[in-house]
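The values are calculated or read from the model by the stated rules, or taken from the named source; none is laboratory data. No experiment lies behind these values; they were computed from the predicted model shown. Neighbour counts are summed over all protein chains in view; Cβ atoms, including those assigned to glycine, are modelled from backbone coordinates with ideal geometry. The area values use the complete protein model at the heavy-atom level, side chains included, leaving out ligands, DNA and RNA. Shrake-Rupley method; radii C 1.70, N 1.55, O 1.52, S 1.80 Å.
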Amino acid sequence: MTAEPHLVAQATDHLLRTAYAMREGDQHEPSLCAGWTRGHVLTHLARNADGLTRLVRAAVDGTGETMYASTAAREADIDAGAARPLAEIVADLEATAEALAPQLARLTPEQASVRVERTPGGVTFTARHLPFMRLREVSYHHVDLDAGFTFADLSPSLVTTFLTDEVRRLREAPLAPEIELSTDEGDLFELPGHTAYVSGSRAALLGWLARGLSAGVRCDGP
C-alpha cells in the first residue's frame with residue numbers, strides 16, 4: 001500500500017491535537033497496547049519517525065542505515081522515554097514528525113523498489129511503502145491512546161483503505177481464518193472456505209481486525 005505525504009501530515013495534525021489536550025500524568029495511563037502506557041505509545045511514534053527518516057536516507061542516499069539498531073534497542077528506547085514529563089514527550093513527538101515530513105517528500109519513483117531493513121539482517125520492505133507505514137502507525141496508535149479518538153473518527157476513505165489492507169494481511173496469513181466479512185456499507189470480503197460470518201460497520205470491522213475490538217461487531221458461526 002502507498003500513501004500521499006499530505007495524508008500523513010493530516011493524521012499527524014490530528015494526533016498532535018489529541019496529545020496537546022492531554023494533561024500531565026495522562027502519559028502514565030494505560031493504552032490499548034498491552035503493557036504500554038500512553039507515554040510508551042507517543043514515544044514509540046517519535047522513535048518510529050526517527051527510524052523512517054533513517055530508511056529514507058538509506059533509500060535515497062544509499063547510507064545503508066536500518067530503521068532500528070536492533071529490536072532490543074528499539075524497546076529500550078521506548079521504555080526509556082515513556083515516563084518523561086508529558087510536555088517533553090509531546091515536544092519530541094512533534095519535532096520528530098516535523099523532521100520526517102521533508103524526508104518522506106524526497107522519495108521518488110526511482111526508489112520505489114529499493115529494499116530497506118527494519119534491523120540489520122531483519123525484515124525488509126520497499127521504500128515506496130514508507131509513507132503508508134507512517135500513516136498506519138500514526139492513525140492506529142492515535143486510537144491506541146484511548147483518549148477519545150476511535151477508528152470511526154478517521155475519514156471514510158482512510159477507513160476503507162486500512163480495512164482493505166487488513167483483509168489483505170489476513171488472506172496472506174499462514175493460518176487465515178475461514179470467515180466472510182460484510183460491512184454495513186455494503187462491502188463483502190470472503191476468505192476461502194468461510195464458515196463464520198462477521199459483520200459491522202467498516203470502522204468496527206477495522207477495529208476488530210487491527211486491534212481485536214469487538215464493539216459493533218456481529219458474528220454468526222464459530
For this session: Report, ordered by the first and then the second residue, all pairs with beta carbons closer than 8 Å, sequence separation of six or more or different chains, a first member in the range 201-222 that is without any contact (Cβ under 8 Å) to a residue 24 or more places away in the chain and under 16 Å from residue 136 (Cα atoms), and a second member that is in a loop (DSSP other than H, G, I, E, B) and open to solvent by less than 80 Å² (accessible area, probe 1.4 Å).
Result: 208/217
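Given the options 29, 24, name the one that is in contact with a Ser or Thr (Cβ under 8 Å, 6 or more places away or on another chain), within 25 Å of residue 148 (Cα to Cα) and surrounded by fewer than 14 Cβ atoms within 10 Å (Cβ to Cβ). It would help to see each step written out before you state the result.
Working: 24 fails: in contact with a Ser or Thr (Cβ under 8 Å, 6 or more places away or on another chain).
So the residue among 29, 24 that is in contact with a Ser or Thr (Cβ under 8 Å, 6 or more places away or on another chain), within 25 Å of residue 148 (Cα to Cα) and surrounded by fewer than 14 Cβ atoms within 10 Å (Cβ to Cβ) is 29.
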Exercise. Within the range 49-82, restricting attention to residues that are farther than 16 Å from residue 129 by Cβ and touching a Gly at 6+ places or on another chain (Cβ under 6 Å), which residue is surrounded by the fewest Cβ atoms within 10 Å (Cβ to Cβ)?
Worked result: 82
Seminar exercise, completed: For residue 87, the lone unmet condition from (1) open to solvent by less than 60 Å² (accessible area, probe 1.4 Å); (2) in contact (Cβ under 8 Å) with a residue 60 or more places away in the chain is (1)
Seminar exercise, completed: Among residues of the range 191-200 being surrounded by 14 or more Cβ atoms within 10 Å (Cβ to Cβ) and at pLDDT below 90, the residue nearest to residue 141 (Cα to Cα) is 191
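For the range 141-222, list the strands (runs of 3 or more DSSP E) that sit wholly inside it and hold at least 2 residues that are under 30 Å from residue 26 (Cα atoms); which are they?
Details: elements: 179-183, 188-190, 196-200, 218-220.
Here the list is empty.
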For this session: Looking only at the range 1-17, count how many residues are crowded, with 17+ Cβ neighbours inside 10 Å and among the polar types (S, T, N, Q).
Result: 1
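Give me the residue from the range 118-143 that is of a type in the set (D, E, K, R) and under 9 Å from the mean Cα position of the chain (by Cα) and, out of that set, surrounded by the most Cβ atoms within 10 Å (Cβ to Cβ). Show your work before the answer.
Kept after step one, since they are of a type in the set (D, E, K, R), are these residues of the range 118-143: 118, 128, 134, 136-137.
In the following step, the residues that additionally are under 9 Å from the mean Cα position of the chain (by Cα) were identified as 134, 136-137.
Values: 134: 25, 136: 21, 137: 19.
Checked the range 118-143; the qualifying residue surrounded by the most Cβ atoms within 10 Å (Cβ to Cβ) is 134.
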Seminar exercise, completed: For the range 170-190, the count of residues that are more than 24 Å from residue 158 (Cα to Cα) and open to solvent by 80 Å² or more (accessible area, probe 1.4 Å) equals 3
